[in-house]
Structure formats: C-alpha cells, structure tokens
Amino acid sequence: MSETKEPHVAGAPPDDTPAAVHTDPAPETDAPVQTEPEVKRKRGRPRKTPAPENESGNEAKDENAPQPNFVMSGDQRVLSIDSRRTVETDADKAKNNLLDLMESLRSKRILTGMIQGVEGNPDSEPRAVVYRGEFKILIPASLCIERPTDFRGMKPNDVLKYQITKRLGAEIEYIVKGIDPESGVVVASRMDAMAIRRRQFYYGKDRDGNNLIYEGCIAEARIICVIRTGAFIELFGQECFVPLQELGYQRMVDAMRHFAPGQRILVKVLRLDRTDPDHIKIELSAKQVSANPYEKVMQKHAVGNHYVGTVSVIHLGGIWVSLDSGLDCLCNFPVQGRPLPGARVTVKLVHINEENGKLFGEIVYSSQVH
C-alpha cells in the first residue's frame with residue numbers, strides 16, 4: 001500500500017523539523033471520573049499537618065521562632081546569645097593581643113601591664129617581665145628604670161635587679177620595640193612610654209590654653225615602689241619619691257605596712273619645675289589631698305578620758321600611739337615595763353595642744369610589755 005501524505009498547511013513547519021504537537025483539549029463529557037478508593041484512617045495520633053509554603057514553594061518561617069546567631073572564631077563556629085558575641089575564646093584573646101602588640105610596634109601605641117617577674121644573672125643586664133596573654137614581654141633595665149648615678153661599690157647589674165625586684169606588682173606603661181610571633185617573646189621600653197606621657201601632660205594644654213599639670217592640682221598616680229621611709233610614685237611618666245610624712249596625717253613607721261606597688265592614689269602637686277624637658281622636678285603629697293582630720297577629731301577628745309590605740313613608734317622622746325580615732329598621741333615611758341611596737345594600749349589623755357595639733361598622754365595598760 002502506498003502511504004497517504006497529508007496536505008501541507010501554510011505556516012506549518014516542514015516534515016523534517018521537530019515541533020511541539022498542539023492538540024485541542026478534549027471535549028467535556030458527563031462520564032464519571034475514576035478516583036482512588038478512600039482509605040480508612042486508623043485511630044490514634046492525628047496526621048501531621050505539613051508546614052505552609054510560601055510563593056517560592058519553600059516552607060514559610062515562623063517570625064517568632066528564635067534564630068540562631070553563629071559567629072566564627074578562628075576555625076570554630078560559636079553559637080552566641082546576641083547578634084554579637086561578647087565572650088572571647090582563647091583564639092580571640094591571642095589574636096587581639098597580637099594585634100595590640102603589632103599596633104604598639106608600628107604606631108607607638110602605649111600599652112599597660114604589670115611587672116610580674118625579673119630575669120637575668122650577674123653577667124647580663126636584668127630584665128623586667130610582663131605577660132600579655134601567651135606573649136612574654138621583656139623590658140631591659142636600661143629601658144625600664146633610670147640608671148642610678150652611684151652604685152655604692154656594688155655591681156651595677158645587682159643594683160638594677162634589686163630595683164626591678166622592688167617594683168614587682170607595679171602597674172607600668174610600655175611601647176613595643178620588637179616581636180617574635182613564633183616564640184611569643186616581645187621586647188619593649190617603659191622609658192619611651194614615659195617620655196611620651198611627659199610631653200602630653202607636662203607640656204600639653206587644655207581647651208582654654210592652661211597647663212594640664214600645675215602646682216596645686218590633684219591627680220591620680222601610680223605607686224611604683226615602696227620602701228620603709230616612703231614610696232616612689234609615678235605621675236604621668238615622671239617618678240617622684242614621697243616621704244612618710246607626706247603619705248598620711250597619722251604617724252607611720254614603715255610605709256610598706258600601708259602601701260604596695262600597683263596601687264593608685266590621689267596626690268597633690270606641691271612644686272613643679274619643667275624648664276628642662278629632660279629633667280622635670282616635681283614634689284607630691286598624698287596627705288594634702290584631703291583636709292587635716294585632726295581639727296575635727298580633736299574636738300571629740302577631752303583631757304582625763306581614756307582611749308585605746310596601737311604603739312607605732314618608740315624613740316628616746318617617748319612612745320607614739322596611734323589612737324583608733326585616727327590621731328597620734330605622744331606618751332611617756334610607763335613605770336611598769338615598755339610596750340612593744342604593735343601592742344594594744346590604753347591611754348589617758350593629759351594634755352591637748354590645739355595650736356600644734358598634738359596630743360599628750362600616759363599609758364595605763366598594755367597588752368605586751370618588754
């Protein structure tokens with residue numbers, strides 16, 4: 001049989017060109033539509049309702065549901081409470097410490113730390129040790145403290161090591177001079193940081209053109225070193241020795257019983273000479289920050305009354321007793337034995353010199369007698 005070819009319709013694609021086949025929709029009929037048989041649902045847990053979908057076909061998110069906040073910390077993925085994590089990991093701390101040290105090296109940014117150790121032997125220059133996380137910061141003695149003019153016949157390295165040892169626990173400022181990231185060792189200079197602070201505060205001006213530091217001003221200072229007779233205090237890059245009588249109104253025998261390196265105290269500038277930028281001269285007082293308490297407290301004492309206190313100083317002129325009220329009282333040596341320093345005693349007040357602010361009494365009882 002021969003094939004019957006359909007007539008070619010104008011606008012139709014050639015026979016050898018593939019084209020989509022368009023067919024007319026089937027006419028609607030009243031014939032019943034075959035459906036799947038209804039399956040009876042078993043009693044029990046209700047069927048899970050699928051989550052609603054949005055226009056893109058994905059499941060819609062509940063706006064009230066908590067959204068996780070993931071923050072990367074190095075190679076770790078940390079789930080934070082807020083959008084920004086506030087607790088640092090060890091990796092964060094190490095990275096931030098390295099960034100601080102690198103910034104100090106490049107821009108001379110001043111960093112703060114505490115002297116936590118002393119290294120060196122008699123044949124090498126001693127070094128102060130400051131730790132910043134995992135980094136060990138070494139400050140040679142020549143870059144940490146002012147070199148004494150007289151070593152009194154002792155080896156220079158021994159004297160410098162002793163001076164740094166007396167500064168253990170002191171809060172200092174420093175500038176990084178070199179970093180070895182692999183070993184974690186850093187070399188720094190305290191003297192460079194002190195020089196910058198002196199330029200900023202002793203020669204800097206406020207908005208009104210006045211000096212930042214001047215005679216009579218009160219400022220916060222750092223206690224660097226304490227010995228029996230007083231304390232070395234640093235005020236914005238300038239160290240000054242403050243004797244016992246200017247540390248407090250009450251009589252003290254040993255400053256180390258009352259102060260320690262690392263403390264911060266308020267001081268009053270008594271005298272200042274800044275004519276030579278390399279040799280600034282300054283005198284400070286800690287007790288003159290506040291008013292003399294003797295004037296108010298003395299009004300609460302009367303001759304003939306008894307008060308308790310602690311023996312502070314014993315010398316040829318008598319026995320000084322620090323009363324619990326905050327005043328000092330000079331007493332004669334008792335007839336029955338001499339009390340020891342630190343002993344608790346009862347004093348009978350015999351005279352008050354209001355003009356000089358001095359009390360005089362006699363010891364009537366002592367807990368310890370020599």
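The values are calculated or read from the model by the stated rules, or taken from the named source; none is laboratory data. Small disclaimer: the values here were computed from a predicted structure and weren't measured. We place every Cβ from the backbone using ideal geometry, glycine too, and count neighbours over all the protein chains shown. Just so you know, the surface numbers come from the protein's heavy atoms only, side chains and all, with ligands and any DNA or RNA stripped out. Shrake-Rupley method; radii C 1.70, N 1.55, O 1.52, S 1.80 Å.
The listed residues Ser322, Ser285, once ranked by accessible area (1.4 Å probe) with the largest placed first, stand as Ser322, Ser285. Extension gain, Glu103-Arg199: 0.36 nm per intervening residue step, less the Cα-Cα distance, totals 32.5 nm.
Accessible-area rank, largest first, for Asp276, Asp208: Asp208, Asp276, with all protein chains present and a 1.4 angstrom probe.
Our coupling estimate for the range 156-166, obtained by passing each phi through the Karplus curve with A = 6.51, B = -1.76, C = 1.60 and θ = phi - 60°, is x, 5, 5, 5, 5, 5, 5, 5, 5, 4, 5 Hz, Gly and Pro reported as x.
Using 0.36 nm per residue and subtracting the Cα-Cα separation, the extra length available between Asp90 and His315 on full extension is 75.3 nm. Centroid-to-centroid, using Cα positions, the range 233-304 and the range 167-228 are 20 Å apart.
Once backbone amide H atoms are built at 1.01 Å from N, Arg109 has Ser104 as its partners under 5 Å, excluding neighbours fewer than 5 places away on the same chain. For the range 308-322, the residues whose amide N sits under 19 Å from a probe point set 7 Å from the Cα of Asn292 along the beta carbon direction are 321-322. Classified by the C-alpha gyration tensor, the range 140-261 has an oblate form. Its axis ratio a/c, with a ≥ b ≥ c, is 1.5 or above, and a/b does not exceed b/c. Once you have a ≥ b ≥ c as the square roots of the Cα gyration tensor eigenvalues for the range 239-330, tell me rounded if a/c is under 1.5, and otherwise prolate or oblate according to whether a/b is larger than b/c. Prolate.
Residues in the range 272-280 carry Karplus couplings, in order, of 9, 10, 10, 5, 10, x, 8, 9, 6 Hz; the curve used is 6.51 cos²θ - 1.76 cosθ + 1.60 with θ = phi - 60°, and Gly or Pro positions show x. Only protein heavy atoms count here; under a 1.4 Å probe, Leu284 has an accessible surface of about 10 Å². Around the amide H of Ile137, modelled in the peptide plane, lie the amide H atoms of Val130, Tyr131, Arg132, Val186, all under 5 Å away and 5 or more residues distant in sequence or on another chain. In order along the range 225-235, the Karplus-derived 3J(HN,Hα) couplings, from 6.51 cos²θ - 1.76 cosθ + 1.60 at θ = phi - 60°, round to 8, 10, 10, 4, 8, x, 9, 8, 10, 9, 10 Hz, and Gly and Pro are given as x.
Full extension of the segment from Ala219 to Asn332, taken as 0.36 nm per residue of separation minus the current Cα-Cα distance, would add 36.7 nm. With the cut-off at under 19 Å, measuring from each backbone N in the range 333-370 to a point 7 Å along the Cα-to-Cβ line of Arg228 picks out 340-343. Computed over protein heavy atoms with a 1.4 angstrom probe, the accessible surface ordering of Phe201, Phe241, largest first, is Phe241, Phe201. Residue pairs exceeding 28 angstrom between C-alpha atoms, taken from Lys287/Lys358; Lys95/Lys166; Lys95/Lys161; Lys93/Lys268; Lys136/Lys287: Lys95/Lys166; Lys95/Lys161; Lys93/Lys268; Lys136/Lys287.
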